[in-house]
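Read the structure below first, then the notes.
The values are calculated or read from the model by the stated rules, or taken from the named source; none is laboratory data. Values in this document were obtained by computation on a predicted structure and should not be read as measured data. Please note: Cβ atoms are built from the backbone with ideal geometry, for glycine as well, and neighbour counts cover all protein chains shown.
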Amino acid sequence: MSFIEIRDLIKIYQSQEYSIRVPALRGIELEIKEGEFISIIGPSGSGKTTLLHILAGMAEPSAGYVRVGDIRLDQLSEKDRSNYRRHKVGTLWQIPNRNLIWEINIFENVEIPMRLLGIAREERIKRAKELLAEVGLERRMNHKPQQLSGGEVQRAGLACALAHQPYLLLADEPTGELDSKTAGDLLKYFKRLNETHGITAVMVTHDFDVAKATDRLIQIVDGRISGYSPTANLKTIRDMHQVYLDTYGTIQLPRYIVEKMQTQKEVTIEEEDDKILLIQNELKKANRSEKTKKKKATPKKKKK
Ligand SMILES: Nc1ncnc2c1ncn2[C@@H]1O[C@H](COP(=O)(O)OP(=O)(O)OP(=O)(O)O)[C@@H](O)[C@H]1O
Ligand SMILES: [Mg+2]
């Protein structure tokens, strides 16, 4: 059984100000195995953060089925969702001051959330030291975040995210503010922690090179999964030829195919051996008239 199972997830935001409804997720279907490290890539506004917020228990699904471990997120009360968020999920955001408190040192940053959860003092100290060592910051424990580099701050944020031993780690553009070398370093630590702690991790990124460091890449376009692929041997995003066919038979075609086709026009489906062809009716008509023209132009053989 998958660790995370999402079926037909819909999220519609209701804007109070303009009394309009914004559909952010339009039927997401996704399964993630325990211990898997996946990345989510997609254009701005495609629903990546919304999906992460739902998995983090920070937003309520409008409809659909969302299970993490044995918890049905779509059925939780506000109070239970807040409990789930505090105990089960670790988060790492792009903006460092969402991850760390600026006024205290990084040891305290890792230790204090455990204190709030009632973990014993000795255990807190031991775990904070271990985690900071795991992200290579054992010598910087007494430093405040502003005394660290951008990469170190994100590594401290990573230690913080894991302090309460969550079973799910969610990261939204964690390398967004870093140069590519520092981003690569953070990813190494991220991957190592994912492996040693066996924690399931989901990371949103807009950077294909960052996504390639994960086990599997999911692409979201307009609130739907458009494709997914294991990252091994994936050279460019165009190599993602696998599209996702959901249980209702819906397929989101890749953007470059949509751009080639004339949308809003009818499409005919034909089977040919082991292939299924999508043929634009306009194109079909044009081909047919082309064939008729050719036929007319070819002189008939005389009967003997
Ligand atoms: N609180 C909100 N109220 C209304 N609409 C929202 C809210 N949050 C997000 N949206 C809308 O939902 C859609 C998806 O937003 P989301 O933030 O999930 O996209 P994203 O893929 O994370 O984009 P980006 O790459 O820019 O971070 C967008 O159209 C956005 O404007
Ligand atoms: Mg976002």
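Which residue, of 200, 182, is among the β-branched types (Val, Ile, Thr) and at pLDDT 95 or above?
Residue meeting the stated conditions: 200.
Would you confirm, using the coordinates I've provided, whether residue 288 is assigned by TED's automatic domain parsing to the domain that holds residue 174, modelled with pLDDT under 75 and assigned to a helix (DSSP H, G or I)? Walk me through it before giving the result.
Numbers: assigned by TED's automatic domain parsing to the domain that holds residue 174: no; modelled with pLDDT under 75: yes; assigned to a helix (DSSP H, G or I): yes.
Considered against the rule, which asks whether it is assigned by TED's automatic domain parsing to the domain that holds residue 174, modelled with pLDDT under 75 and assigned to a helix (DSSP H, G or I), residue 288 comes out as no.
Kindly establish whether residue 86 is within 22 Å of the chain's Cα centre (by Cα), among the charged types (D, E, K, R), closer than 23 Å to residue 146 by Cβ and modelled with pLDDT under 95.
No, not satisfied.
Looking for whichever is surrounded by 11 or more Cβ atoms within 10 Å (Cβ to Cβ) and more than 21 Å from residue 103 (Cβ to Cβ) here; the options are 122, 138, 152. Which one fits?
Details: 122 fails: surrounded by 11 or more Cβ atoms within 10 Å (Cβ to Cβ); 152 fails: more than 21 Å from residue 103 (Cβ to Cβ).
None of the others qualify; the one that does is 138.
From the residues in segment 126-143 that are of a type in the set (A, V, I, L, M, F, W, C) and not in a loop (DSSP other than H, G, I, E, B), which one is farthest from residue 37 (Cα to Cα)?
Keep residues of segment 126-143 that are of a type in the set (A, V, I, L, M, F, W, C), which gives 128, 131-133, 135, 137, 141.
From what is left, the residues that are not in a loop (DSSP other than H, G, I, E, B) are 128, 131-133.
Values: 128: 23, 131: 19, 132: 21, 133: 22 Å.
Within segment 126-143, the match that is farthest from residue 37 (Cα to Cα) is 128.
Among what's in segment 2-32 and is among the acidic types (Asp, Glu) and farther than 17 Å from residue 52 by Cβ, pick the residue that is nearest to ligand 2 (Cβ to nearest atom). So that I can check it myself, show each step before the final result.
First, pick out the residues of segment 2-32 that are among the acidic types (Asp, Glu): 5, 8, 17, 29, 31.
Remaining after also requiring farther than 17 Å from residue 52 by Cβ: 8, 17.
Values: 8: 22, 17: 20 Å.
Per the criteria, the residue is 17.
Would you please list the contacts, defined by Cβ atoms under 8 Å and residues six or more apart or on different chains, that run from a residue in segment 28-47 that is within 22 Å of residue 65 (Cβ to Cβ) to a residue that is in a strand (DSSP E or B) and within 11 Å of ligand 2 (Cβ to nearest atom)?
Note: pairs meeting the criteria are 28/220; 40/204; 40/220; 42/220; 46/220; 47/24; 47/220.
Testing residue 196 on (1) buried (at least 23 other Cβ atoms within 10 Å of the Cβ); (2) closer than 18 Å to residue 89 by Cα; (3) of a type in the set (Ser, Thr, Tyr), one condition comes back false. Which one is that?
With (1) buried (at least 23 other Cβ atoms within 10 Å of the Cβ); (2) closer than 18 Å to residue 89 by Cα; (3) of a type in the set (Ser, Thr, Tyr) applied to residue 196, the lone miss is (1).
So, in segment 133-186, how many residues would count as being in contact (Cβ under 8 Å) with a residue 60 or more places away in the chain and farther than 30 Å from residue 69 by Cβ?
Number of matching residues: 1.
For segment 53-76, give me each residue that is of a type in the set (A, V, I, L, M, F, W, C), more than 16 Å from ligand 2 (Cβ to nearest atom) and farther than 15 Å from residue 224 by Cβ. So that I can check it myself, show each step before the final result.
Within segment 53-76, the subset of a type in the set (A, V, I, L, M, F, W, C) is 54-56, 58-59, 63, 66, 68, 71, 73, 76.
Still in the list and also more than 16 Å from ligand 2 (Cβ to nearest atom): 63, 66, 68, 71, 73, 76.
Those that are of a type in the set (A, V, I, L, M, F, W, C), more than 16 Å from ligand 2 (Cβ to nearest atom) and farther than 15 Å from residue 224 by Cβ: 66, 68, 71, 73, 76.
Which one of 50, 91 is farther than 26 Å from residue 254 by Cβ, at pLDDT 95 or above and within 16 Å of ligand 2 (Cβ to nearest atom)?
Working: 50 fails: farther than 26 Å from residue 254 by Cβ.
So the residue among 50, 91 that is farther than 26 Å from residue 254 by Cβ, at pLDDT 95 or above and within 16 Å of ligand 2 (Cβ to nearest atom) is 91.
Considering only segment 144-198, how many residues are more than 12 Å from residue 213 (Cβ to Cβ) and assigned to a loop (DSSP other than H, G, I, E, B)?
The qualifying residues number 15.
Would you check which residues across segment 1-43 are under 14 Å from residue 223 (Cα atoms), loosely packed, with under 15 Cβ neighbours inside 10 Å and under 13 Å from the mean Cα position of the chain (by Cα) and list them?
43
Counting just the residues of segment 106-119 that are of a type outside the set (A, V, I, L, M) and surrounded by fewer than 18 Cβ atoms within 10 Å (Cβ to Cβ), which one comes out modelled with the highest pLDDT? Spell out the reasoning first.
Residues of segment 106-119 of a type outside the set (A, V, I, L, M): 107-109, 111, 113, 115, 118.
Narrowing further to those that are surrounded by fewer than 18 Cβ atoms within 10 Å (Cβ to Cβ): 108, 115, 118.
Numbers: 108: 97, 115: 92, 118: 92.
The selected residue is 108.
Suppose the filter is outside the structural domain of residue 205 (by TED's automatic domain parsing) and more than 12 Å from ligand 1 (Cβ to nearest atom); does residue 66 pass it? Break it down stepwise before answering.
On the way: outside the structural domain of residue 205 (by TED's automatic domain parsing): yes; more than 12 Å from ligand 1 (Cβ to nearest atom): yes.
Judged against the criteria, residue 66 is a match.
Quick check: anything in segment 54-75 among the aromatic types (Phe, Trp, Tyr) and within 27 Å of residue 208 (Cβ to Cβ)? Walk me through how you get there before you give the answer.
Residues of segment 54-75 among the aromatic types (Phe, Trp, Tyr): 65.
In the following step, the residues that additionally are within 27 Å of residue 208 (Cβ to Cβ) were identified as none.
Scanning segment 54-75 turns up no residue that is among the aromatic types (Phe, Trp, Tyr) and within 27 Å of residue 208 (Cβ to Cβ).
Please count how many residues of segment 79-112 are part of a loop (DSSP other than H, G, I, E, B) and closer than 24 Å to residue 126 by Cα. Walk me through how you get there before you give the answer.
Going through segment 79-112, the residues part of a loop (DSSP other than H, G, I, E, B) turn out to be 94-95, 99-105.
Subsequent filtering for residues that are closer than 24 Å to residue 126 by Cα retains 99-105.
Total meeting the criteria: 7.
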